[in-house]
Structure formats: C-alpha cells, structure tokens
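The structure appears right after this line, and notes come after that.
Read-outs throughout are calculated quantities, based only on the coordinates presented, and are distinct from any laboratory measurement. Being a predicted model, the structure only gives us computed values, none of them experimental. No Cβ is skipped: glycine too gets one built from the backbone with ideal geometry, and neighbour counts run over all protein chains shown.
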Amino acid sequence: MSKRNLVLDKAPFIRKVDSKGYSTEDIMKDFVIALLPLILFAWVKNGLLPFINNDTKSIWDLLKPLIMVFIGGFTTYLIEFCYYRFIRHEKAIKQRMRTTFAVIPGLLLAMILPLGTPLWVLIFGCVFATVIGKILFGGFGNNIFNPALLGYLFVTTAFTALTVGKNLNPSEAFIAGATPMAELTTDYAGGAAILLAKYPLWKIFLGLTPGALAETSALLCLISLIYLLVRKVINWRIPVIYLATVFVLTYVIGAFNGNATDLKYTLVHMMSGALMFGAVFMATEPVTSPRTPNGKIVYALFLGVLTVLFRFRSNMPEGVATSILIMNLFTFIIDRVTARLRVEADKRRVVLNYAIIGILVLGIGAYGVSAAVPKTEEVAEIEVVYKSKTQDYDTLDFVYTIEVDGTEIEVVVDKAYKIKNVSDRVYNTSEYKDKISEAIKKQKFTDYVEAVNEEIDYMEVTVVARAQYAITAVIGYDENYEIVSYTTDLSNETYDDDQYYGGWDPADGDPAVLIPDRIVAAGDLDDVETITGATNTCNGMINAARVANAYRDYILTAPALKLLSAGQNYENLNFTFLFRQNGEKFVIETDHEYTIITELEDEVKTAAATLIAKSKLSGYIESVTVEGENTVITVKTKRPVAANYVTSTVTFAGGVITEFVADTADEDYDDAYNNWDETEGHPKDVIPGRIIEHQDDLDAVEPVTGATHTSDILVEAARIAMEYMEAQNE
C-alpha cells in the first residue's frame, strides 16, 4: 500500500514543540510588522503631506490617521482583555492575550475605513467585530467570519451617511470627486481611461489616490506579501491565485472593451480599491481560510470570481469584503471536501468533484464578465441622449427628458432613480430602460425637495442640497409664504473641524449659526453674505433656500386642487381635510360617511369629494360620552390594507386611562399571520393592560408576537383618545 503525506497548516495556533523558536505570538508580531509600512504611509499621505502643504493647519488632522489606527487596535484589545479577565476569569491573562490576535481586528478595521469616519463609529465597529465576530463564536480560533470585515460591513451599513464619501484627505478635497473604484464601476469601457487621465499609473501603484485610510498602496501591499511569505506567516496559494484570477477575468473584460493589447486597463482594476490589501491581509486570515493546500486553491479561485461578480454585477463598487465574508461560510466545507479527495482512491470520483468545482468557478466568472461585455449589436445601436431634468412638485418625483433614437420622451423616476413611467410605451422595455437608466444615473440631482409638510398657516419644505457634502435643510414658511425658520445639520461638513478648504477662522462665525438667520432676514437670497473660508458650505445652505422658494413659487400659482392632510375636528368630531389651490389653503369638513358639509362651489366640491374618497382616515373618534367623572371615548382604527375597523372603548378618570375594551371580532390577523400563537395571548385581552400600564409612553407597549398589526392599531386607538383629552384640557 502506498503512503501519502497529509499536509495541514498548524494555524491559527503553533506550538513550540512543532516549530522551534516560532509561535502564534511570533505570527502576530510579524503580521503587525507587515502592517506598519501601510500605517506609516497612511499617516504621510493623509496627515503629514496635507499639513506640510498647508491644506490643513490642524494638529488633529496631522495626527488623525495614527489616532484612528491606535484607537482601533486599543479598543479590540481592551474588549478581549475584559472578556478573558472578568468573564472567563483567565488566570494566565498575559499568555492568553499573546495568542488571541486581539489587536489585529481593530488595526485592520481602522485601516480599511475612510479617513473621515468619526472615531465613535470606529469604536462601534471594533466592538461589533470583537463581540460578534470573535467572542460570540468562542474566541480566537473558533470564529467563522473575519472579524475586521464583519465590523466593516456593520459600520458601512449602519452608519452609511458617516462613512460613504469620507475618503478624501485635506489635499484631495481640492482635486478629487470620487474614489478610483467608483470611477471604474460607472463606466466599464472608459472608466480606466478617465481615471488614468486624473492619476498616472505610478500614482495608483504607489497609492496616491483617494481611498480608505491605509489600503491604497499596491506597492506596500506587495512588499508586505513578500515579507509574510518569507516569514511563512501566510501561504502563497490564497493571495497569488486570488489576484491571478481577478487579473485574468479583468483582462478578458478589458479585451471585450477594446483593451486587449493594453494592460493598463487590467492593472488599474488590480491596483484600485481593497483588492491588494484584502488578498494579503484579509483573505489569508488563518482562522477563517482553509488549511488544506487544495482547499486554499479552491477558496482563492472562488474569491476571485466573486470579487469580479460583485464589482461588475452589483451596485457595490468594491466587492472584496463581501466575497471574503461569503467564502468564510464555506471554509469548513471546502476543507472537508478537499481533504477527502486527497485520499480518495477512486480517481474518477476525484476528477468528477473537481470538475464540478471548476464548472462553478467558470460559471460565476463568466456571469461576472458578461456584465461588462458590450451589448449585442441591436442594443448597442440604441442611442440615448440626456436633454434636461426637473422635479415634479406635485409628486416630488424626478422627470427626465431623454432622446432615444431621435425621439424625445419623458421618464419619471423616484428618488432612488428607479423608473416609474416612460411616456412612450415603445421604449418601455428592459433593453431601452437599461440604457435610459444609465443616462439618468449620470445626471443625478444635487439639489431637490425631499419632503413637504403643510398646515393651514405654516409650511415646512425639506431640501437636500450640495455643500461640501450633501446637507438636509428644513425651511419654514408662515401663512404668507415668507421664510420664518431655517434649520440644518452640518455635522458632516468639513469646514468646522477639518478646515479642508483652508482660510476659515472660527472668529468669522459659524455657518450653522449665522447663515440661517441671514437667510430668514434676507429679502433677496442674493444679498445673503457668505462667511470667508466656508463659502461652499454657505452657498449650499443658500441654494437649499432657493430650491424651497422655487417650490413655494410653484404652489402659489398651481391651479390643481391638492389634498394636503386629513384629520378630525375634536369639537364636533367631523372629519377635516386641508386643501390648497393657487396658493390658497382651506379646510373642508365631512361627516363620518365622508359627505361634505362645508359650502363649496360645485366644481370644487366634486373635485374635493373625489380626493377625499381616496384618503379615508385609518383612525378616528366615533363618539364621546361623559358619565359622571368618567369620559368614555369610542375610537375606530384599522390596518391600512384592511376594510374593517376595530372599535375600542377607552375610559378616562382624572385624566388617565382606567379601562380599555376592544372589539376585534372582524380582525383576521390569526389567519393572515399564522405565526400567532394563542399561548402568547389574544391582543384584545393582553394589549389593554399594557396600554394602561404604559400610557405615559405608548411606544413602550410591547405587541403580541404574530399579531403585531392588531396590537398596533389598539395602541393607536389609545393614542387618538389621549390626544383628544389633551386637546380638551388646553
């Protein structure tokens, strides 16, 4: 019988008896050493050079890259120390901390986040990475997912507004508008050429481009790779095969787009984003990557095809983190399958299994590549030209005028730029709509009305506008449509702390404080004086007011009758509907059958009745009875999609709810929501007691599992009754 040597890595733990003079502690030291050049580069690029170039005068800006890395590593180390010291009660705590790679997740997380990430967000990410990514699975050696990437996914998902678009350092703010990956994924064919026009290939290779804090330098990633390979901290199979797979697939994509003889297209994709950093430091993480030699190859191949798939087939411009986290799930399966195949005597079975794996890899790779392959000749001939855009102030949708093959059409999209309507049905097909969407997404709105809230004597217009970054402003108008208030949140703006644009002196005044008052006081927005050194921020705030004024000017002459809101008159319990026409607002009352009571002209009455019939109240007071010291209020509430109302009788004594009785006989929640368990209790029996207990804070009323909607409408009945009582006491 022939003998075969079975090779398995000893990672994540190495015993002294197995490897003289080299241990898990040594691996961690080597890993940190490999990271040091990238950390120093991050400081030079994002802190020192902007300081030397006088793009910032702040010591905080100078040191922030180093502070982020320190806080990241310290936070994850502190959490694990507290866990092992106070929860696990480890006696040999020093030895334990030497072998858990405690500092690594925090260092990596800080390095792959944008420079503009708030420190408290970084800390949140470190807590999530350590607690959920490591401790929950039993600590180092037992975790399924790469902790740093899990923390990254949490931070970028939960705090998107505080992380996305925060890559620029003080110097880059003057010259850059997007990260290289964002540029590449918006134009498969020409993105590389556009990027190379901004940054020479050598700058991209060195990492002198916008990106995350410390992952942009392909050169330093390659140097770190060589060091880790020489020190045998990682195995060559994963990073080399991963990068090679992406290289081949990206070359194929480039060839399809006219770059078959030019490797610059492929190299730009290879050296941009987190690919190099991820291949060297993330994909090779000893716990979450395979340990068998063949397993590493399979793992790396799938990483490569998934990265290309996500980059070219999804809305995410990167894809590296997602690919690695997905493959972390299959590490155990890959190891198990490849280990068995290594000793399988039946060669046909071995060939069959690897053939299946190969087909999967080729299939995923081909699907990813196909996204960037030029369309068929029929689709490629479709000529779509953007003409103009405007916002529909009635629906707040965006309306684009597009010329398709010489024919001008109108396309309506929502605020997520999803097509809602195409004026010519000939072009309402997937082929045309794909091309139309491409044209529209290159012409997105920077200033627009997000929402409007109108009362009889007041109006609030919420506007999204572009300053340094996108800001949201709320502009308030009185009954004469004059601006009386202006509020905005400038916490994401950079003028105040980072001084990215230089020259702003706090002594000149804070835009967040001064500009709103100047806008309110100005008769003409052109007369609003900006603040030196914060001109872009001030102009963005002023433009937001201009957008709101444009909406105001539109409604002042809009002839169509518009229903603004619906409510109830607590004096006579009639229903009230607020309308606007030609800038004039008026209230129309109806009875509980929605018959109009208010005297109106026939034309207006007919139009109003049509709108009211489509806007019936989901909750209202049916009757109020005073019985001695008790006030009994009967409330009708229903779910939005339901036809039947639930009747609730709410009794008050001394201003507080003393009794709550609900009739839910017509509710069908127990059939529609079949996960309701009778042992949880019937809502009509359980919720009234909870309402009485938490009437000071109805948000604290816990719904019955499986009957959430029914529970909610009972709580809403209590809320309506309480609002009525409060109105009577005013």
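For Lys684, a cut-off of 26 angstrom between C-alpha atoms picks up these lysines, skipping any fewer than 8 places away in its own chain: Lys616, Lys636, Lys638.
Give me the orientation-averaged projected area of the Cα convex hull of region 377-441, in nm², one decimal. Display every interim value, and only then the final one.
Numbers: hull surface 16.3 nm².
It is 4.1 nm².
Taking all pairs of distinct Cα atoms, average 1/r, flip it, and tell me the Kirkwood hydrodynamic radius of region 24-370 in Å to one decimal place. Evaluated on region 24-370, it is 20.8 Å. Note on region 49-173: Kirkwood radius taken over Cα pairs, Stokes-Einstein applied at 10 °C and 1.306 mPa s, translational D equal to 104 µm² s⁻¹.
Only helical DSSP H runs with n ≥ 4 go in: add -39500 (n - 2.57) per run for the chain, normalise by residue count and round the 222 nm mean residue ellipticity to 500 deg cm²/dmol. Numbers along the way, then the final one.
Numbers: 25 runs with 321 residues, N = 730.
Using -39500 (n - 2.57) per qualifying helix, the result is -14000 deg cm²/dmol.
Put simply, the amide H of Glu450, placed in the peptide plane, has neighbours under 5 Å in Thr462, Val463, Val464, leaving out anything fewer than 5 places away on its chain.
Rg/Rh for the chain: what does it come to with C-alpha atoms and Rh from Kirkwood?
On the way: Rg = 31.6 Å, Rh = 30.7 Å.
Computed over Cα atoms, the ratio is 1.03.
With the convex hull drawn around the C-alpha atoms of region 619-729, the volume per residue stands at 97 Å³.
Amide H to amide H distances under 5 Å link Tyr594 with no residue, where only residues 5 or more positions off or on other chains count and H is placed in the peptide plane. Entry note: region 495-601 has Rg to Rh equal to 1.26, where both radii use alpha-carbon atoms and Rh is the Kirkwood radius. Computed across region 448-557, the Kirkwood hydrodynamic radius from all distinct Cα-Cα pairs reaches 14.1 Å.
I'd like the per residue volume of the convex hull spanned by the Cα atoms of region 541-620, given in cubic angstrom. Mind showing how you got there, number by number?
Values: hull volume 9.6 nm³, N = 80.
Dividing the Cα hull volume of region 541-620 by its residue count gives 119 Å³.
Here is the list for region 372-453: GluC sites (Glu not before Pro) lying in DSSP coil, each with at most 15 other C-beta atoms within 10 angstrom of its C-beta, are Glu381, Glu383. Kindly express, to the nearest 10 degrees and within the range 0 to 90, the angle between helix 147-158's C-alpha long axis and the longest C-alpha principal axis of the chain. That helix lies at roughly 20 degrees to the long axis.
For the chain, what is the relative contact order in percent, using Cα pairs closer than 8 Å and at least 6 residues apart in sequence? Walk me through the numbers before you get to the answer.
Numbers: 1158 pairs, mean separation 50.3, N = 730.
Once divided by the residue count of the chain, the mean separation gives 7 percent.
Note that region 214-227 has calculated 3J(HN,Hα) couplings of 9, 10, 7, 8, 5, 4, 5, 5, 5, 5, 5, 4, 4, 4 Hz, one per residue in order, obtained from phi through the Karplus relation 6.51 cos²θ - 1.76 cosθ + 1.60 (θ = phi - 60°); glycine and proline are x.
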